[in-house]
1. List pairs: first in region 80-108 and free of Cβ contacts under 8 Å to residues at least 40 places away in the same chain and of a type in the set (A, V, I, L, M, F, W, C), second buried (at least 19 other Cβ atoms within 10 Å of the Cβ) and assigned to a helix (DSSP H, G or I), Cβ under 8 Å, 6+ apart or cross-chain?
2. Does region 165-214 hold any residues that are polar (S, T, N, Q), at pLDDT below 75 and surrounded by 12 or more Cβ atoms within 10 Å (Cβ to Cβ), and which are they?
3. For K126, state whether it is open to solvent by 60 Å² or more (accessible area, probe 1.4 Å) and either in contact with a Pro (Cβ under 6 Å, 6 or more places away or on another chain) or of a type outside the set (G, A, S) (or both).
4. Just to be sure, is E46 acidic (D, E), out of contact with any helix residue (DSSP H, G or I) (no Cβ under 8 Å at 6 or more places or on another chain), within 27 Å of L206 (Cα to Cα) and open to solvent by 10 Å² or more (accessible area, probe 1.4 Å)?
5. Are any residues in region 59-70 open to solvent by 70 Å² or more (accessible area, probe 1.4 Å) and either under 26 Å from F144 (Cβ atoms) or part of a strand (DSSP E or B) (or both), and if so, which ones?
6. What pairs come out if I take residues in region 120-144 that are hydroxyl-bearing (S, T, Y) and pair them with residues that are part of a helix (DSSP H, G or I) whose C-beta lies under 8 Å away, six or more apart or interchain?
7. Could you please find all residues in region 4-37 being open to solvent by 60 Å² or more (accessible area, probe 1.4 Å) and free of Cβ contacts under 8 Å to residues at least 40 places away in the same chain?
8. For region 89-110, how many residues are assigned to a loop (DSSP other than H, G, I, E, B) and either surrounded by fewer than 21 Cβ atoms within 10 Å (Cβ to Cβ) or out of contact with any helix residue (DSSP H, G or I) (no Cβ under 6 Å at 6 or more places or on another chain) (or both)?
Amino acid sequence: MKALVIGATGATGKLLVDRLLADKDYTTITIFVRRPTGKQNPKLIEHIINFSTVDAYKELIVGDIMSSCLGTTLKAAGSKENQWKIDFEIPATFAALARENGVSSLVLLSAYGASSKSSVFYSKIKGELEDKIAQLDFEQYIIFRPGLLLRAGSDRFGEKIMGSLLKGLNAIGLFRTFKPMPTTVLAEKLTKAPKIFSAGTSVIELDEIFRLQD
């Protein structure tokens with residue numbers, strides 16, 4: 001299988017790329033990035049692009065499976081307008097071009113609580129992206145909705161505090177549906193998903209991701 005990845009330098013995306021490279025079922029992994037990653041592997045194809053002009057790279061967006069891990073925070077984006085562009089417009093454009101080029105499967109890293117009807121801006125973005133991609137009618141469309149992600153070496157103070165709090169509550173049987181997920185685990189599940197699920201749309205909620213098996 002030939003895989004495509006956007007968001008390949010993010011906390012989950014970079015681990016997903018490593019997993020895909022190590023998986024014998026994937027023959028080539030094509031990533032789209034703003035700057036060189038430094039990764040070296042015979043199976044890796046790296047395209048350095050301008051994400052403001054995605055349409056210009058249409059002929060490069062070819063393969064069997066596209067994984068979309070692109071996303072940011074409002075703080076990092078600097079404004080809701082910029083976050084909308086990064087979390088919705090760019091992934092939606094990539095997905096549309098991939099479908100036009102015959103890519104049959106799309107794996108979307110969304111978020112817990114994603115809904116186009118949500119009053120929470122972040123959840124609304126993710127929900128609208130889910131809906132937009134659904135309209136493209138991929139043969140296989142897999143949506144992952146994890147909650148709090150635990151990134152190795154994270155310097156986000158709030159993330160560390162919330163992760164520790166949830167772990168403590170989980171240990172006494174509380175809020176287990178909100179169990180924090182290590183990005184290493186998520187990357188593994190994203191890699192396996194296209195080989196597990198059949199055609200159609202599959203929405204994998206937080207508690208189901210942990211139970212996902214080969």
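1. none
2. Passing the criteria: only N170.
3. no
4. no
5. Listed by number, the list holds a single entry, V62.
6. Y122/L74; Y122/Q83; Y122/D87; Y141/I133; Y141/A134
7. T9, K14, A22, K24, T27, R34, R35, P36
8. Here the count works out to 4.
The values are calculated or read from the model by the stated rules, or taken from the named source; none is laboratory data. Since this is a predicted model, take the numbers as computed values, not measurements. Using ideal geometry, Cβ is built from the backbone for each residue, glycine included, and neighbour counts are taken over all protein chains shown. Keep in mind that these areas ignore ligands, DNA and RNA; they rest on the heavy atoms of the full protein, side chains included. Shrake-Rupley method; radii C 1.70, N 1.55, O 1.52, S 1.80 Å.
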